[in-house]
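Chemist: The structure that follows is given in the form of structure tokens.
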Amino acid sequence: SYTETRVGMDRYVNVVRAGSRASNPSAMILDTGEPLRVETLRGAEIVDRGIDIGREPGPETEVVVIWYDPIGEGESVRLRIEETYTDPNRYLLVDGELVWDRSFGRPRNTLVLPAGWYLTANSIPAVVTEMEDGRIRLRFINDRPGNIDVFVKARRR
């Protein structure tokens, strides 16, 4: 969730970490439920669309852009943004154990283990549940400023 109050702002830009991919992005205005237009742009498309990410994007740079009506004086918009990240550079197999290590900068993050794996270690408190299909889901809540560094291990069932 995100609240925008800057006058004239008409988009939210999420720069995807190098080596990661975002899929199934969606967004809505929380107060009305209105779905918003979402685009995934890469490389030169970012510059062509006039999106400023604070640096020159490379050919592999990926951004998710959520568009909404420009914010007027004294107005705000509350957004709910969801997307799935695939981050193959953050996990590996060590002696048959899945090891996953990444920092989260958002207030709410969910990690889902692959089918057939169970949790053996977790460095940060999380709500751990089993999904209908048997996969294990970890929900992390970070109500403080800054990132949380999450380290997870799992084994095959």
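The values are calculated or read from the model by the stated rules, or taken from the named source; none is laboratory data. Because the structure is predicted, anything quoted here is derived from the model rather than measured. Reconstructed Cβ throughout: ideal geometry from the backbone, glycine too, with neighbour counts over all protein chains shown. Surface accessibility is based on the protein's heavy atoms, side chains included, excluding ligands, DNA and RNA. Shrake-Rupley method; radii C 1.70, N 1.55, O 1.52, S 1.80 Å.
Chemist: Restricting attention to strands (runs of 3 or more DSSP E) lying wholly within the range 47-157, give those where 2 or more residues are free of Cβ contacts under 8 Å to residues at least 60 places away in the same chain.
Modeler: Ranges flagged: 62-67, 91-94, 97-104, 108-112, 117-122, 127-130, 136-141, 148-156.
Chemist: Let me ask something else. If only one of T32, T40 is open to solvent by 40 Å² or more (accessible area, probe 1.4 Å), hydroxyl-bearing (S, T, Y) and over 22 Å from D87 (Cα atoms), which one is it?
Modeler: Exactly one residue qualifies, and that residue is T32.
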